[in-house]
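The values are calculated or read from the model by the stated rules, or taken from the named source; none is laboratory data. Keep in mind that this is a model prediction, so the values were computed, not measured. Note that we place each Cβ from the backbone using ideal geometry, even for glycine, and neighbour counts take in every protein chain shown. When the accessible area is computed, the model is the full protein with side chains, heavy atoms only, and any ligands, DNA or RNA have been set aside. Shrake-Rupley method; radii C 1.70, N 1.55, O 1.52, S 1.80 Å.
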Amino acid sequence: MSTDASATGPVVLHIAFGDSALQPPAGGRDAARIRLDLPCLAGQAEETIFDGLQPLPTIDGVTLFQRGDLHVGHAQEPFDEATVEAASRRLYDRVLKACNRRRLYRAWNYVPRINAYKDGLEHYRAFCKGRSLAFEASHGAGYEVRLPAASAVGSDGRTLDVVFAAGLKTPRHVENPEQVPAYRYPREYGPRSPSFSRATAVVEGGREWIFVSGTASIKGHATVGVGSLREQIDCTLDNLRLISLNSGAGESLGRGTPGPAWERHFKIYLRRADDLARARELLERILVFPGDHVTWLRSDICRAELDIEIEATLVR
């Protein structure tokens, strides 16, 4: 995984997946690219949420771009299964330092072999421990109130990566009334709880944003529909509906709401590539429609029993 940021700006930031990462980005000198090692199964192989960005000097290995007060960045650490906790701590220490006075709005995390174990601890849980220690060191004992929307999925690469958005405005972090906040999960899910909110809403960089975290088939803190893709999709859609309502985007993630139209970006992660046809048949009738930006990816998910995860970014 790597970043190409040789342009002087303003640029469109391309998040490239699968084979698209091997090709020059559309836009040439007016484009920058972050390459991520996840196979793209269908849809748009390059996600372009952020445009009009001015490249900034790198800070401690963190690549940064700016649009007004909005900062977008990318950082990575070499991956060694024996040091996942330490690597994630270093990664987030650097990101939070680079953010300076800015608040994190959204973080996209990519963890190699996320469900593998080392010395009895799953890579994802080791990642969560290191990340939470970095937040606590930066923000103090009450750090939970500042946790951004986030996702953490598996990658096929050899680096631990995070892509993030941050800004000067104080955001509104959103929870789901039918899910325990991730940062309050019981200890059975690891030595430190996951550090994220279910969504973040903010007006920054001249636009209104709603960042919806990676959302899956969980009620309370328990997985629902183990072994059934259809049950997991139904539960995930219900959670997205509740998060959308609490975010102020209506029941349908901005679709059909009053005022200017929302531009809707989705990433849908599938544990098994063979589930693509069935998942598309269901979700293209219920969730994603012509005009939406959708990327379907093959990825392991933070819980080994989960088969699908869906995230969204709404902007207007």
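How big is the convex hull of the Cα atoms of region 98-204, per residue, in Å³?
Measuring per residue, one finds 116 Å³ for the Cα hull of region 98-204.
Arrange the peptides 217-227, 92-102, 135-145 so that the one whose residues have, on average, the most other Cβ atoms within 10 Å appears first.
Packing order, densest peptide first, comes out as 92-102, 217-227, 135-145.
Multiplying the sequence separation of Glu178 and Leu276 by 0.36 nm and subtracting their Cα-Cα distance, what value in nm do you get?
The Glu178-Leu276 span can extend by a further 32.5 nm.
Only Cα pairs under 8 Å and at least 6 apart count here; give the relative contact order of region 175-316 as a rounded whole percent.
About 27 percent, as a whole number.
For region 121-280, what is Rg from Cα atoms divided by 2.2 N^0.38 Å, rounded to two decimals?
Against the compact-globule rule of thumb, the ratio is 1.08.
What whole-number value in Å² describes the accessible area per residue of the chain for a 1.4 Å probe?
40 Å²
In the chain, if the dipole is taken from +1 on Lys/Arg beta carbons and -1 on Asp/Glu beta carbons about the Cα centre, which of Asn109, Thr63, Ile34 is farthest to the positive end?
Working it through, the farthest residue towards the positive pole turns out to be Thr63.
How many percent of the accessible area of the chain is carbon or sulfur, using a 1.4 Å probe?
Carbon and sulfur atoms account for 49 percent of the accessible area of the chain.
Tell me the accessible surface of Cys235 in square angstrom (1.4 angstrom probe, heavy atoms of protein chains only), to the nearest ten.
Surface accessible to solvent at Cys235 totals approximately 10 Å².
What dipole magnitude, in Debye to the nearest 20, does the chain give about its Cα centre under +1 on Lys/Arg Cβ and -1 on Asp/Glu Cβ?
740 debye
Treat every Asp and Glu Cβ in region 26-162 as -1 and every Lys and Arg Cβ as +1, leave all other atoms uncharged, and give the resulting dipole magnitude about the Cα centre to the nearest 20 debye.
Charge dipole, region 26-162, about its Cα centre: 380 debye, nearest 20.
Give me the distance between the Cα centres of region 59-94 and region 245-299, rounded to whole Å.
Cα centroid to Cα centroid, the span is 28 Å.
Taking 8 Å as the Cα distance limit and 6 or more residues as the minimum spacing, I'd like the relative contact order of the chain as a percentage.
So the answer I get is 18 percent.
Out of Thr257, Ser299, Ala277, whose Cα points farthest toward the positive end of the dipole of region 217-316 (charges: +1 Lys, Arg; -1 Asp, Glu; placed on Cβ)?
The one lying farthest along the dipole's positive direction is Thr257.
What is the dipole size for region 153-267, taken about its Cα centre, with +1 at each Lys and Arg Cβ and -1 at each Asp and Glu Cβ, in debye to the nearest 20?
200 debye
Starting from the Cα-Cα distance between Arg207 and Ala137, subtract it from 0.36 nm times their residue separation and give me the gain in nm to one decimal.
22.1 nm is the gain from fully extending Arg207 to Ala137.
Set the Förster radius R0 to 41 Å, insert the Cβ-Cβ distance between Ala261 and Arg101 as r into 1/(1 + (r/R0)^6), and round the FRET efficiency to 0.05.
0.80
First obtain the Kirkwood hydrodynamic radius of the chain from its Cα pairs, then insert it into the Stokes-Einstein equation at 37 °C and 0.692 mPa s, and state the resulting D in µm² per second as a whole number.
It diffuses with D of about 169 µm²/s by this estimate.
Could you compute Rg(Cα) / (2.2 N^0.38 Å) for region 221-316, with N its residue count?
Working it through for region 221-316, the quotient is 1.08.
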